[in-house]
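Student: Provided herewith is a single structure, encoded as structure tokens, for subsequent inquiry.
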Amino acid sequence: MIEVIFTVDYEIYGNGSGSLQELIYEPALKLKEIFDRWNAPLVVFVEAAELEKIESQRTDPAIDLVIDQIRNFHDEGYEIGLHLHPQWYNAEYKDGLWVLDYSEYNLCILPKKRIEEIVDRSIEFLRAFLNDASFTPLSFRAGNWLLQPTQIVSHVLAGNGIKIDSSVFKGGLQYKNSLDYRSSLTNGYYWKFSKDVNTEDAEGILLEIPIYTEMVPIWKMVKSKRFGLQYKGSVSGITENSLKTRAVRILDFLRFRYPLKFDFCRMTQSEAIEMMEKLIEQDKKDPMSFRPIVAIGHTKDLVDFDTVDSLLAYLRKKQIPISTFEDIYPKCV
């Protein structure tokens, strides 16, 4: 049985550039209209660190619109997940630009006390944003998908009431950040873990429901829509797209097959439907297996709303349920 979980990372560019109005508020408003029209749920991964810093410094006039929008999502029953780019917490605003602390880029390599401070702070901020003192996010997604090394951060997340992680994309590899999710390719559609997010542990303290990927020949990644969005980020001066980083990233691609994420912002309509057709064929051969399929998007990448609408129409036609992490958690554990 297939159930699709649509998730959107609610954020601006990774170096702090960009307008909240253009990169978060307006695209999220249009996305919500589409999901409301189809009466379909959506998981919104709110990037707590950047919004706290922007709100505290009042560097963007649209921050109040964003706060109201997040509250609307929550009040109307949309699931809110925690998304974190920890380099924001020591950020300074100088000469009209954010200067981020990239020594804290990977939450997982920080001292345990610092990890606890950041996670506690982010959840408290979301509670204040949502006007809900009892709010605890069920799900978490790490900035740049970095959930390695795993052991300390998994215990901190679980200790704060988080039950699900959705950072892994099977087959993922980033030499620069020591991210290696290749061994998770042998896992199922979901698994419990504690010490290593790649390693299934029946007694694990967190549940991993990975972003769905398909291993494809590298030439399939060279699509105009995907690379156009990467260029859009590049001209905004994103640090990750510096020449030095691009050179390192080439190493990540030097293999025969590469993970293509189920990204409803970066895929064309035909790509997304082709991926779903393959899943449906697998499901026909083994209909008793539960297949939670996580699709990812980013508000900053949302430009093609027709593809999103067509994909929801396709799933409705195929009678494939659209769910949330809250819906599927009991089925996985």
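The values are calculated or read from the model by the stated rules, or taken from the named source; none is laboratory data. Quick caveat: nothing in here was measured; it's all calculated off a predicted structure. Here Cβ is always computed from backbone atoms with ideal geometry, including for glycine, and neighbour counts include all displayed protein chains.
Student: Filtering the stretch 126-144 down to residues that are in a helix (DSSP H, G or I) and free of Cβ contacts under 8 Å to residues at least 24 places away in the same chain, which residue is farthest from residue 109 (Cα to Cα)?
Tutor: If we filter the stretch 126-144 for residues that are in a helix (DSSP H, G or I), which is where we start, we get 126-130, 143-144.
Filter once more, so that each one left must be free of Cβ contacts under 8 Å to residues at least 24 places away in the same chain: 127-128.
Numbers: 127: 26, 128: 28 Å.
In this case the residue turns out to be 128.
Student: Within the stretch 145-201, how many residues are charged (D, E, K, R) and part of a loop (DSSP other than H, G, I, E, B)? Reasoning before the result, please.
Tutor: From the stretch 145-201, those charged (D, E, K, R) are 163, 165, 170, 176, 180, 182, 192, 195-196, 200-201; that's our starting set.
Applying the additional criterion that residues be part of a loop (DSSP other than H, G, I, E, B) yields 163, 170, 176, 195-196, 200-201.
The qualifying residues number 7.
Student: Okay, moving on. Among the numbered criteria (1) at negative phi; (2) out of contact with any Phe, Trp or Tyr (no Cβ under 8 Å at 6 or more places or on another chain); (3) of a type outside the set (A, V, I, L, M, F, W, C), which one does residue 15 miss?
Tutor: Unmet for residue 15, out of (1) at negative phi; (2) out of contact with any Phe, Trp or Tyr (no Cβ under 8 Å at 6 or more places or on another chain); (3) of a type outside the set (A, V, I, L, M, F, W, C): (2).
Student: Turning to a different aspect of this structure: Out of curiosity, is residue 262 under 22 Å from residue 207 (Cβ atoms), touching a Cys at 6+ places or on another chain (Cβ under 9 Å) and modelled with pLDDT of 95 or more? Show your work before the answer.
Tutor: Values: under 22 Å from residue 207 (Cβ atoms): yes; touching a Cys at 6+ places or on another chain (Cβ under 9 Å): no; modelled with pLDDT of 95 or more: yes.
Considered against the rule, which asks whether it is under 22 Å from residue 207 (Cβ atoms), touching a Cys at 6+ places or on another chain (Cβ under 9 Å) and modelled with pLDDT of 95 or more, residue 262 comes out as no.
Student: Looking at the stretch 1-57, which of its residues are in contact with a strand residue (DSSP E or B) (Cβ under 7 Å, 6 or more places away or on another chain) and among the hydroxyl-bearing types (Ser, Thr, Tyr)?
Tutor: The answer is 7, 10.
Student: Would you call residue 142 over 25 Å from residue 329 (Cβ atoms) and either surrounded by fewer than 22 Cβ atoms within 10 Å (Cβ to Cβ) or modelled with pLDDT of 95 or more (or both)?
Tutor: The answer is no for residue 142.
Student: Take the residues in the stretch 268-309 that are among the basic types (Lys, Arg), in contact (Cβ under 8 Å) with a residue 12 or more places away in the chain and assigned to a helix (DSSP H, G or I), then tell me which one is surrounded by the most Cβ atoms within 10 Å (Cβ to Cβ). Can you show your working first?
Tutor: Taking the stretch 268-309 and keeping what is among the basic types (Lys, Arg), we get 278, 284-285, 291, 300.
Next cut, in contact (Cβ under 8 Å) with a residue 12 or more places away in the chain only: 278, 291, 300.
Next, only the ones that are assigned to a helix (DSSP H, G or I) stay: 278, 300.
On the way: 278: 11, 300: 22.
For the stretch 268-309, the residue satisfying everything is 300.
Student: Condition first: more than 12 Å from residue 20 (Cα to Cα) and either among the aromatic types (Phe, Trp, Tyr) or part of a helix (DSSP H, G or I) (or both). Now tell me which residues in the stretch 51-85 satisfy that. So that I can check it myself, show each step before the final result.
Tutor: Taking the stretch 51-85 as the starting set, the residues that turn out to be more than 12 Å from residue 20 (Cα to Cα) are 52-53, 56-57, 68, 70-85.
Residues satisfying the conditions are 52, 53, 56, 57, 68, 70, 71, 72, 73, 74, 75, 78.
Student: Sticking with this structure for a sec: Quick one: in the stretch 1-25, of everything that is within 28 Å of residue 327 (Cβ to Cβ) and charged (D, E, K, R), which residue is surrounded by the fewest Cβ atoms within 10 Å (Cβ to Cβ)? Walk me through how you get there before you give the answer.
Tutor: Of the stretch 1-25, the ones within 28 Å of residue 327 (Cβ to Cβ) are 1-11, 24-25.
Keeping just the survivors that are charged (D, E, K, R) gives 3, 9, 11.
Values: 3: 18, 9: 20, 11: 23.
Out of the qualifying residues, it is 3.
Student: So residue 90 fits all but one of (1) among the polar types (S, T, N, Q); (2) without any contact (Cβ under 8 Å) to a residue 24 or more places away in the chain; (3) assigned to a helix (DSSP H, G or I); (4) under 28 Å from residue 148 (Cα atoms); what number is the exception?
Tutor: Of everything listed in (1) among the polar types (S, T, N, Q); (2) without any contact (Cβ under 8 Å) to a residue 24 or more places away in the chain; (3) assigned to a helix (DSSP H, G or I); (4) under 28 Å from residue 148 (Cα atoms), residue 90 misses just condition (3).
Student: Within the bounds of the stretch 3-12, is there any residue that is in a loop (DSSP other than H, G, I, E, B) and under 24 Å from residue 211 (Cβ atoms)? Walk me through it before giving the result.
Tutor: Of all residues in the stretch 3-12, those in a loop (DSSP other than H, G, I, E, B) come to 11-12.
Going one step further and asking which of them are under 24 Å from residue 211 (Cβ atoms), we end up with 11-12.
Yes, the stretch 3-12 has at least one match.
Student: If only one of 88, 98 is in contact with a Lys or Arg (Cβ under 6 Å, 6 or more places away or on another chain) and either at pLDDT 95 or above or aromatic (Phe, Trp, Tyr) (or both), which one is it?
Tutor: Numbers: 98 fails: in contact with a Lys or Arg (Cβ under 6 Å, 6 or more places away or on another chain).
None of the other options fit; the residue is 88.
Student: State which residue is nearest to the chain's Cα centre (by Cα) when the search covers only the stretch 50-94 and only residues that are aromatic (Phe, Trp, Tyr) and closer than 21 Å to residue 116 by Cα.
Tutor: So in the stretch 50-94, the residues aromatic (Phe, Trp, Tyr) come out as 73, 78, 88-89, 93.
Still in the list and also closer than 21 Å to residue 116 by Cα: 88-89.
Numbers: 88: 17, 89: 19 Å.
Filtering first and then ranking leaves 88.
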